[in-house]
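Visitor: Sharing a structure here in structure tokens format.
The values are calculated or read from the model by the stated rules, or taken from the named source; none is laboratory data. Bear in mind the structure is a predicted one, so any value in this text is a computation, not a measurement. Methodologically, a virtual Cβ is constructed for each residue, glycine included, from the backbone with ideal geometry; neighbour enumeration extends over all protein chains shown.
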Amino acid sequence: MPNYDVYESPLVARYASPEMSELFGERTRIRTWRRLWLALAKAEHRAGIRVTARQIKQLERTIDRIDFPAAARYEKRLRHDVMAHLHAWGDLAPDARGILHLGATSAYIVDNADLILMRDAMRSVAAWLANVIDALGRFAKKYRNMPTLGLTHFQPAQVTTVGKRAALWCYDFVRDLDEVEHRLGELRFRGVKGTTGTQASFLALCNNNHRKVLRLEEDVARQMGFEEVEPITGQTYSRKVDAQVVCALGGIAASVHKFANDVRLLANLKEMEEPFEKDQVGSSAMAYKRNPMLCERATGLARLVISLVQSPLQTAAEQWFERTLDDSSNKRVVVPEAFLATDGMLRVVAHVARGLVVYPKVIEARLRAELPFMATEDILIAGVFAGGDRQNLHERIRRHSQAAARRVKLEGGENDLLERLAADPAFAKIKLRTVTNPKQFVGRAPQQVDEFVQEYVNPIRRRYRTSLSRVIDLSV
């Protein structure tokens, strides 16, 4: 039940999925701590260090019995969260109390847990990215042939297609998925390194047997699902790892921001808009409005993630020698918030991409209004092929174009350039409507869409086939 008397993060209450919220919730975090304590005890038992099978059994039986009030009481007295939960579990597993945390430092628990949570969170983000890519790929394929007015500087440019524009959006997310997968591939377990990363305590436990220490570390890493271990650390893994991960999320945020802004601008042009539900209210005052509120939400969340990128970079820069503790309070906020916001905005983008509404008649009308100007070079060439003088035709087109532009800008009339050219005897032999068929101006846009989907989207669909068609249940 929500507590209406205290602040609750909107990222949890309104935007992020229950899965991501639970991943960064306290129960998951502490259970991950306990899994790490148990994995260390098992590895030490196998290594012949003084840990018994009975102690391990007791830990396994009580691993899910987390007494949060007891831990809170311990922390209030000890001012140390790891020790608080260590004591709280020891109360439930008294036979194992004496071997819990044997040889470890708090960074073994907290750092390795943070890496596990970031790994699982990145996997979820990758799956959402695959859903976005799949949806935009389908949309691009569907509208591969539909001509639309291309815009540079938000001014009319050459013709493109609706599908080609969607492929541009999609490719940004493909790049983001590549980066997230790269970060997942590079993510290593912090391992069992001791207080300053020298493994001195574990070397003592293993009777100065270096090979035994390495086997112990590999054992724990395998239990926690890691193939690679950081080759060298201080007390903590390098905080550059957090910075690199959050930077990858910042890249996703930039893609979301660009996509959402484009859809918002297209909604103003009435060419395309996000899905709008039957009972949805666009404005409390203006009942007719269909505001692009989902894309606006995604834009706002993206801006938050982009702003968070700087913080872990500063934290990495500020770590003195083997470690300082000013990282802890910062990363407890920045890393979960970045993931929760990224999760929230990707859910919105996937929902919007699956339900984008296109208005072909509006697209056609805007294109028709601008196309005569864009077609003038083709008209000039057709006039020359029909036997006309190139310089004479160029001057006539220039005068007619300026007159048509004045009519549009000063009088608010329609672009009548084609009518003016049709009435000019110099262009009598040209079939102007044929020359100005929009599909003549799209170049290889349809083929580019086909090639892009085949080469980039389909392999992602195959890799993430079990994660596609995720159900999106937006809270608001």
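Visitor: Please verify whether Val192 is surrounded by 21 or more Cβ atoms within 10 Å (Cβ to Cβ), part of a helix (DSSP H, G or I) and either more than 17 Å from the chain's Cα centre (by Cα) or not small (Gly, Ala, Ser) (or both), treating the condition exactly as stated.
Guide: Working: surrounded by 21 or more Cβ atoms within 10 Å (Cβ to Cβ): yes; part of a helix (DSSP H, G or I): no; either more than 17 Å from the chain's Cα centre (by Cα) or not small (Gly, Ala, Ser) (or both): yes.
In short, no.
Visitor: For the condition surrounded by 14 or more Cβ atoms within 10 Å (Cβ to Cβ) and at pLDDT 85 or above, what is the one hit in Ala445, Ala405? Working first, answer last.
Guide: Numbers: Ala405 fails: surrounded by 14 or more Cβ atoms within 10 Å (Cβ to Cβ).
The match here is Ala445.
Visitor: Filter the range 358-393 for residues that are surrounded by fewer than 19 Cβ atoms within 10 Å (Cβ to Cβ), in a loop (DSSP other than H, G, I, E, B) and among the hydrophobic types (A, V, I, L, M, F, W, C) and give the result.
Guide: Ala386
Visitor: Name the residue, out of Val362, Val442, Val408, that is touching a residue at least 12 places away in the same chain (Cβ under 8 Å), β-branched (Val, Ile, Thr) and closer than 30 Å to Leu177 by Cβ. Before the answer, list the steps.
Guide: Details: Val362 fails: closer than 30 Å to Leu177 by Cβ; Val408 fails: closer than 30 Å to Leu177 by Cβ.
Just one listed residue meets the conditions, Val442.
Visitor: Here's another thing I want to ask about it. On the basis of being modelled with pLDDT of 95 or more and surrounded by fewer than 19 Cβ atoms within 10 Å (Cβ to Cβ), does Asp67 make the cut?
Guide: Values: modelled with pLDDT of 95 or more: yes; surrounded by fewer than 19 Cβ atoms within 10 Å (Cβ to Cβ): yes.
Against the criterion (modelled with pLDDT of 95 or more and surrounded by fewer than 19 Cβ atoms within 10 Å (Cβ to Cβ)), Asp67 qualifies.
Visitor: Only residues that are of a type outside the set (A, V, I, L, M, F, W, C) and either within 16 Å of Arg29 (Cα to Cα) or in a helix (DSSP H, G or I) (or both): list them for the range 51-69, please. Before you say what the answer is, go through the steps one by one.
Guide: Let us first name the residues in the range 51-69 that are of a type outside the set (A, V, I, L, M, F, W, C), namely 52, 54-55, 57-58, 60-62, 64-65, 67, 69.
Result: Arg54, Gln55, Lys57, Gln58, Glu60, Arg61, Thr62, Asp64, Arg65, Asp67, Pro69.
Listed here are the residues, each with its yes/no results for (1) under 30 Å from Ala248 (Cα atoms); (2) over 16 Å from the mean Cα position of the chain (by Cα); (3) outside the structural domain of Val256 (by TED's automatic domain parsing).
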residue: Ser307; (1), (2), (3): yes, no, no
residue: Pro312; (1), (2), (3): yes, yes, no
residue: Trp320; (1), (2), (3): yes, yes, no
residue: Pro336; (1), (2), (3): yes, no, no
residue: Leu340; (1), (2), (3): yes, no, no
residue: Leu346; (1), (2), (3): yes, no, no
residue: Leu371; (1), (2), (3): no, yes, yes
residue: Phe385; (1), (2), (3): no, yes, yes
residue: Arg396; (1), (2), (3): no, yes, yes
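Yes/no matrix, rows are residues, columns are (1) assigned to a helix (DSSP H, G or I); (2) more than 14 Å from the chain's Cα centre (by Cα):
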site: Ile133; (1), (2): yes, no
site: Leu136; (1), (2): yes, yes
site: Ala140; (1), (2): yes, yes
site: Ala157; (1), (2): no, yes
site: Thr160; (1), (2): no, yes
site: Arg183; (1), (2): yes, no
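Visitor: Can you tell me which residue within the range 218-243, out of those that are touching a residue at least 40 places away in the same chain (Cβ under 8 Å) and in a helix (DSSP H, G or I), is farthest from Lys42 (Cα to Cα)?
Guide: If we take residues in the range 218-243 being touching a residue at least 40 places away in the same chain (Cβ under 8 Å) and in a helix (DSSP H, G or I), then Ala243 is farthest from Lys42 (Cα to Cα).
Visitor: Now for a separate question. Would you mind finding the one in Phe321, Phe339 that is surrounded by fewer than 16 Cβ atoms within 10 Å (Cβ to Cβ) and either assigned to a helix (DSSP H, G or I) or modelled with pLDDT under 95 (or both)?
Guide: When all the criteria are applied, what remains is Phe321.
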